[in-house]
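The values are calculated or read from the model by the stated rules, or taken from the named source; none is laboratory data. The structure displayed is predicted, hence computed values, not measured ones. Don't worry about glycine lacking a Cβ; one is built from the backbone with ideal geometry, like all the others, and counts go over all protein chains shown. The protein model used for the area step is the full one, side chains on, heavy atoms only, and it has no ligands, DNA or RNA in it. Shrake-Rupley method; radii C 1.70, N 1.55, O 1.52, S 1.80 Å.
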Amino acid sequence: MNLNRNQKIAAETNDKICCVLAGPGTGKTLTITAKIINLLQQGINPQEIAALTFTQKAAIEMKQRVINSLRQKENTPFIGTFHLLCLKLLKEFLPDKQKHFQLCTRTKQKEIISDLYGKNADKAIEKITKFKNTGVPLDEKILPVYEKYEEKKRQLNLLDFDDLLLKTLELINKKEIPALFSYIIVDEFQDINKIQYELIIGLLKQDGCLAVFGDPDQAIYSFRGSEIELFLKLPSDFPDLTLINLSLNYRSQKNIIEASNKFITANTKRFSKRIEATREIKSPLILFEVEDEYEEAKTIVKEIKSRLGATDFTELYKNKEETSYSFSSFAVLTRTNNQLKIIKDFLKKEGIPVKTIKKDADHWISSIIRKLTEAMTNSSEKLFTNMPLKDFLESSGSYEDLSDIEIFMLSNIARAYKNGKLIEQIQAFIDEISALTPIDLFPENLNAVSLLTLHSSKGLEFPIVFIAGFDEGLIPYTMAPDIDIEEERRLFYVGMTRAMDDLILIHSRQRVINGKKIPLSVSSFLKDIPAEYIQIKKVRADRTGPMQKGLF
């Protein structure tokens, strides 16, 4: 693998506790993969290694890189999410009477809580999850719902995703699950919560080596229970900590890197670090000032067409060989989901294809499980053979009506299951796909404009990024109580650093929020971006027609 100096040090060190500061675009996944491969090439038993991720997508990418590099599919270490590891451990270490539990999928969870609580099931689930992960007390309305929900799960022999972590930690603390790994590698350590932290410590052998990769400047999930302090306290918790900084950014042009470097230094909860660009300056950041959310959407349409070398619908397809950009080169990011609707409508009206995070991911997963159940019924004679799962899926019609991207993801997961009775492979496969999240199912390779919230854009990159709603109140989001301004700044930093070539901010002087038209000033974050990196353009609305007159 072609690694730079610090990547190579991070991949090859066997120091007991190692923290790799991996800023945006610095080759974190490549370095983690290189570290796994290096351990295997040293002759370390794969069963002694665990690489923990926060998304199945990241795990699948790492697994594939390891397999391709070593040219072997068998005998690879565990590479997967915390939930998947805990699921496997519970199936192995729970007493026989308890280990045949079923996974309470998000769909089933919502179904149970809807019966108990009514319409606001999502809110109740969010509060219950936060309680389980952080101990934040439940209010008097949710507490009886939680108690009935737990009782219902006991009756049905179900464990939800939070239970997987809690039950595993309980068995570790009772010494019923031993420390299993000599080497633990953790991706996105800034997203860790206390339970996950304790799981890592409990599963690491006494003389084992821990390597964590992450960036406190990208810690944006405190609402899920993540605790940035666990990362920031590493130097005091481990005096012998080895700290390595991956400082070279291979993603973004120099103006984006310099502007984002300056911007994030306004935060105090961080490690001092500087990212260096390997790409030269392309263009300044642009801030468009528009009249309202409709002009915002029109501006996005116009800028996309301009960069595709088109002025009307037909030219989008005629001139595609004249530009290096395609529809998938563009992403529109917003602070809230609601902001995307008007933008989506305007893009679709112009014939520009769009893609978003699957809101119905649970239903999609349920439909796959239903197909598998039908296939098992129709092929019962194969269930107790050693047929590889991948072959069964391809021959049973389980992939019918799925897109190429969906088939690719399921095939990659299925590749890991090829040993043992087919029925056992299918059950393990169902457990794994049940843990897929909407972000795991985002169709990155589909040629369409991405419409995402800032939160869901994490881990992605695009040549051209629009951040719409660069308005005070939305960015930073001050419409909710208990605002954490540093996390809001980190969230915007994540948005900035998704851009490779151009970063375009859009401020609307007024927009409708909660049914009322409200005047808005430009985001206060503008003052943290040095003027030398940004160009401001004002868009004059066309009062007589649908298109804007121009810029001045």
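At a Cα cut-off below 23 Å, give the lysines reachable from residue 355, other chains included and same-chain residues fewer than 8 away excluded.
57, 298, 302, 305, 318, 320, 341, 344, 458
Lys/Arg Cβ at +1, Asp/Glu Cβ at -1, dipole of the chain taken about the Cα centre: which of 304, 368, 181 is farthest positive-ward?
304
Using +1 on the beta carbon of Lys and Arg, -1 on that of Asp and Glu, and nothing else charged, what's the dipole of the range 33-130 about the Cα centre, debye to 20? Mind showing how you got there, number by number?
On the way: 17 positive and 9 negative charges, 46 e Å.
The dipole magnitude comes to about 220 debye.
If you count the DSSP beta bridges with both ends in the chain, what percent of them are antiparallel, to the nearest 5?
In the chain, DSSP labels about 10 percent of beta bridges as antiparallel.
Tell me which lysines have Cα within less than 17 Å of residue 262's Cα, excluding those fewer than 8 residues away on the same chain?
Qualifying lysines at Cα under 17 Å: 254, 273, 527.
Checking the cross-link filter: which aspartates and glutamates have an alpha carbon closer than 18 Å to that of residue 282, excluding same-chain neighbours under 8 positions apart?
Within reach: 258, 303, 461, 501, 502, 532.
Could you tell me how far the Cα centroid of the range 167-245 sits from the Cα centroid of the range 25-96, in Å?
After rounding, the separation between the Cα centres reads 16 Å.
Between residue 282 and residue 385, with labels modelled 7 Å along Cα→Cβ, what's the label distance in nm to one decimal, could you check?
Distance between label points: 5.2 nm.
Output the 0 to 90 degree angle, nearest 10, between the alpha-carbon long axis of helix 82-93 and the longest principal axis computed from the alpha carbons of the chain.
Compared with the principal axis, the helix lies near 10 degrees.
Helix 293-307 versus the longest principal axis of the chain: what angle, 0 to 90°, nearest 10, using Cα atoms?
90 degrees
What are the extents of the Cα atoms of the chain along their three principal axes, in Å, largest first?
Here the spans come out as 73, 55, 54 Å, largest first.
Residue farthest toward the positive end of the dipole of the chain, with Cβ of Lys/Arg at +1 and Asp/Glu at -1: which of 485, 232, 158?
About the Cα centre, the residue reaching furthest to the positive side is 485.
Show me 175-184, 128-137 ranked by packing, highest mean number of other Cβ atoms within 10 Å first.
Result, highest mean first: 175-184, 128-137.
Hey, got the dipole for the range 366-493? About the Cα centre, +1 on K and R Cβ, -1 on D and E Cβ, debye to the nearest 20?
580 debye
Please compare each pair in 119/148; 16/205; 16/174; 99/418; 123/359; 123/233 to a cut-off of 20 Å on the Cα-Cα distance and tell me which ones are over it.
In this structure, 16/174; 99/418; 123/233 lie more than 20 Å apart at Cα.
Given a 1.4 angstrom probe, I'd like the percentage of the accessible area of the chain that is carbon and sulfur, rounded to a whole number.
Within the chain, the accessible surface is 51 percent carbon and sulfur.
Size of the range 44-99 along its principal axes in angstrom, Cα-based, largest extent first?
Computed over the range 44-99, the largest-to-smallest principal extents equal 41, 24, 15 Å.
About its Cα centre, what dipole magnitude does the chain give when the only charges are +1 on Lys and Arg Cβ and -1 on Asp and Glu Cβ, stated in debye to the nearest 20? Intermediate results must be reported in sequence, preceding the final value.
Values: 78 positive and 76 negative charges, 85 e Å.
Rounded to the nearest 20 debye, it is 420 debye.
Mind checking the angle between helix 404-414 and the chain's longest principal axis? C-alpha axes, 0 to 90 degrees, to the nearest 10.
30 degrees
Enter the accessible area per residue of the range 151-309 (Å², integer; probe 1.4 Å; all protein chains in place).
Counting only protein heavy atoms, the per-residue value for the range 151-309 is 39 Å².
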